[in-house]
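Below is one structure, written out as structure tokens; the observations come after it.
The values are calculated or read from the model by the stated rules, or taken from the named source; none is laboratory data. Worth saying up front: this structure is predicted, and the values here are computed from it rather than measured. When we count neighbours, we look across all protein chains shown, and the Cβ atoms used for this are built from the backbone with ideal geometry, even at glycine. Accessible surface areas use protein heavy atoms only, side chains included; no ligands, DNA or RNA. Shrake-Rupley method; radii C 1.70, N 1.55, O 1.52, S 1.80 Å.
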Amino acid sequence: HINYRRFFTVNSLICLRMEDAEVFREYHTAIHHWYRQGWINGLRVDHIDGLAKPKAYLQSLKQLFGGDCYIIAEKILTGAEKMPADWPIEGSTGYDFLAYAGQLLTDAEGSRELLNFYTSQILSLPPYPTVVYERKLDFLYRYMSGELDNLMDLLTSLPLLHAVTQNKDRLRRALAVLMASFPVYRVYPDPAGDSSDDARYVATALTTAKDRNPDLLPELNFLDDLCRREPAAGNAGNQRLTFLTRLMQFTGPLAAKGIEDTTFYVYNPYIAHCEVGDTPGMAGVSPGDFHRQMQDRRQHQRYSLNATTTHDTKRGEDSRIRLSLLSAMPRPWIDAVTRWRRLNRPYIADVDGHPGPTATDRPAPSANDEYLIYQALLGGLPEDGIVTDDFRQRFSGYLTKALREAKTETRHDHPDEAYEKQCQAFASALLRPDSPFLLDFIPFANTVIQQSAVYSLSLLLLKLTAPGIPDIYQGAELWETSFVDPDNRRPVDFARRIDLLQQLKTAETRGNDALFAFLADHRNAGIGKLFTIYRVLHYRNAHPQLFTDGDYIPLSAEGPWLAYLRHHGPHWALIAVPLIGGGAAGTAPLALTLLAGAPHAWTDLFTGESLESANGALLWPHGPTRFPVIMLTADAR
């Protein structure tokens, strides 16, 4: 009975018709005033795919605020999808970068071993695309049935290709499976004709829908003709465009809820990639693939944000790196999980409270939820390995949300309190101070935490120097291992960060020995991240064009490293970061071949040491000795 568009499935939040000129003027009056006063200097468009006409909206923004106003949009890109090239916009909010960097810092071969373990010992699921399709379809019928009915009413109220002669129940099913089959969040119907990319995505959706539902072929053929026919002039063309525009305003929310807020809590072989913008359907990309993505980014989206943690990510950036490290150590992780499942079996009960191995009716937690718990604990454990009451409380809140988001055993709208209570009891038993599990888990976690710290710096240095604008989320100046919101929106202790930065600067004045002793002493606090941010951002501020306009030049690196040059005018920067999967973190030898014309003399930004290339190469026979990531600078003058 709802006769308005909701924000996702929140009944109390009503969407505005921004395509209406009067609504646009009214809504932006205050924001435009703030911009004219200089109180804000840019705009971030949230959930842009919820708009009827995103391009027209952005054009109106540019006209109102002027061409110099920095505007970025939150758009979740899928696979090889790109931001529409004709949008008058500076770039995205950076989830695409998060995905590229996260996939780079993953061992593909180890990931396959983790997937095999998951499907054979935890939960045998169909292929990831099938899981996504099924979860989207289930979410549509369960939570967006009203939206589907409204679309049907719109479709059958318009004289489109004799829609009224179709069997409405079958047509409704066909419309549902088409929405669930979309390979991207949405496309953008245009009266002048769809882009080639949009046409390809629509074709893929229709092919998938027909393959999965051959019994609905007549109705899907009808929708195929409706979606892909040539634009028509006059009333018929306007009616078609009206329907397709409204359809696209719902495929986006359906993808967000069906994938990000459902599938990501169900498909658990490696939850490091169950992340906004990323996909657990693949794990691991090559350095060559990453370089190609960054070269394309430098050419087309150089002012996009480089995000690694936001208010909407499922876990903090350093939590994700810990879990990615498991791809480089699959056998120790598999052995540990096998041991923990055996050790913790007495704490599993069915929902009626019958404990232990006899809990076969409906065990709580299920094997899938138990596996999620182990990964989430590893990702979120405090750096010192000490489980406090505060951590237990935070984890309890996360667990309740994760169980309900999965919608398999319990749900937000109809919580199964018995199942949730038993899962909380299981987690509480694991986190007791005298827990046998903790005695085994903490040493394993400490090893992961220590090794992953190096790769956290790899991720950070990529964010600070690759094409794009670094986006540092509040609190992520130190280790960021928050769980999903509301945990990642906790108040940040900025006073502590200010104090640590002042101490770092004081140690810096006493020379390198004092500086690196200070960094070693405060390693668990995440001081390496703060030091990296401090040094690199100062350099960026002094050489802004090197990073906004400078070339991105891949370098050949021997060993488990990724390296590239940034070059603009006389200024050069060389970046090299260790990759997951190459043995002991950051200690592998590194040999870089420089391109002709590159400088011979370099200075290490982090250590201050001078280096000279020999025969066009730079060598670190034992890896960098003082700081695990490398940034060299040179001035050709």
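Miscellaneous remarks
- Only one of 558, 508 that is free of Cβ contacts under 8 Å to residues at least 12 places away in the same chain and not β-branched (Val, Ile, Thr): 508
- Qualifying position, being touching a Phe, Trp or Tyr at 6+ places or on another chain (Cβ under 7 Å) and touching a residue at least 60 places away in the same chain (Cβ under 8 Å), among 96, 49: 49
- Residue count for the range 523-547, restricted to those that are closer than 14 Å to residue 627 by Cα and without any contact (Cβ under 8 Å) to a residue 60 or more places away in the chain: 2
- So residue 454, is it out of contact with any Leu (no Cβ under 7 Å at 6 or more places or on another chain), touching a residue at least 40 places away in the same chain (Cβ under 8 Å) and part of a loop (DSSP other than H, G, I, E, B): no
- Filtered by the rule that a residue be free of Cβ contacts under 8 Å to residues at least 60 places away in the same chain and of a type in the set (Val, Ile, Thr), the range 483-499 gives 492, 498.
- The requirement of being part of a helix (DSSP H, G or I), at pLDDT below 95 and among the small types (Gly, Ala, Ser) is satisfied by residue 199.
- Test: residue in the range 81-94 that is open to solvent by 30 Å² or more (accessible area, probe 1.4 Å), at pLDDT 95 or above, closer than 28 Å to residue 245 by Cβ and charged (D, E, K, R): yes
- Checking each residue in the range 94-113 for being farther than 23 Å from residue 310 by Cβ and either more than 20 Å from the chain's Cα centre (by Cα) or not in a helix (DSSP H, G or I) (or both) picks out 107, 109, 110, 112, 113.
- Contacts under 8 angstrom Cβ, first residue in the range 120-143 being farther than 25 Å from residue 363 by Cα, partner open to solvent by 60 Å² or more (accessible area, probe 1.4 Å) and in a helix (DSSP H, G or I), 6 or more apart: 133/212
- Among the residues listed as 210, 257, the single one being buried (at least 18 other Cβ atoms within 10 Å of the Cβ), basic (Lys, Arg) and within 30 Å of residue 367 (Cβ to Cβ): 257
- Consider the range 600-613 and keep the residues that are of a type in the set (Gly, Ala, Ser) and touching a residue at least 12 places away in the same chain (Cβ under 8 Å). The one that is least open to solvent (accessible area, probe 1.4 Å) is 613.
- Inclusion of residue 502 among residues that are free of Cβ contacts under 8 Å to residues at least 24 places away in the same chain and not in a helix (DSSP H, G or I) is not warranted.
- The listed residue being modelled with pLDDT of 95 or more, open to solvent by less than 20 Å² (accessible area, probe 1.4 Å) and over 23 Å from the mean Cα position of the chain (by Cα), out of 171, 155, 175: 175
- Residues of the range 491-522 satisfying the condition of being under 30 Å from residue 264 (Cβ atoms) and either exposed (fewer than 13 other Cβ atoms within 10 Å of the Cβ) or more than 33 Å from the chain's Cα centre (by Cα) (or both): 491, 493
- Options 468, 397, 475; residue that is over 20 Å from the mean Cα position of the chain (by Cα), of a type in the set (Gly, Ala, Ser) and over 22 Å from residue 122 (Cα atoms): 397
- Scanning the range 379-412 for residues that are surrounded by fewer than 15 Cβ atoms within 10 Å (Cβ to Cβ) and without any contact (Cβ under 8 Å) to a residue 12 or more places away in the chain yields 386, 388, 389, 390, 393, 412.
- Being in a loop (DSSP other than H, G, I, E, B) and under 22 Å from residue 178 (Cα atoms) is a property that residue 215 lacks.
- So residue 298, is it of a type in the set (D, E, K, R), farther than 30 Å from residue 86 by Cα and at pLDDT 95 or above: no
- Here the helices (runs of 4 or more DSSP H) wholly within the range 280-357 that include at least 1 residues being in contact (Cβ under 8 Å) with a residue 60 or more places away in the chain and under 24 Å from residue 46 (Cβ atoms) are 287-300, 317-325.
- Screening residue 590 on (1) open to solvent by less than 20 Å² (accessible area, probe 1.4 Å); (2) in contact with an Asp or Glu (Cβ under 6 Å, 6 or more places away or on another chain) shows it passes everything except condition (2).
- Entirely in the range 7-78, the strands (runs of 3 or more DSSP E) that have 3 or more residues that are buried (at least 18 other Cβ atoms within 10 Å of the Cβ): 70-73
- Which listed residue is over 22 Å from residue 526 (Cα atoms), of a type outside the set (Ser, Thr, Tyr), touching a residue at least 24 places away in the same chain (Cβ under 8 Å) and open to solvent by 20 Å² or more (accessible area, probe 1.4 Å), from 616, 581, 597: 581
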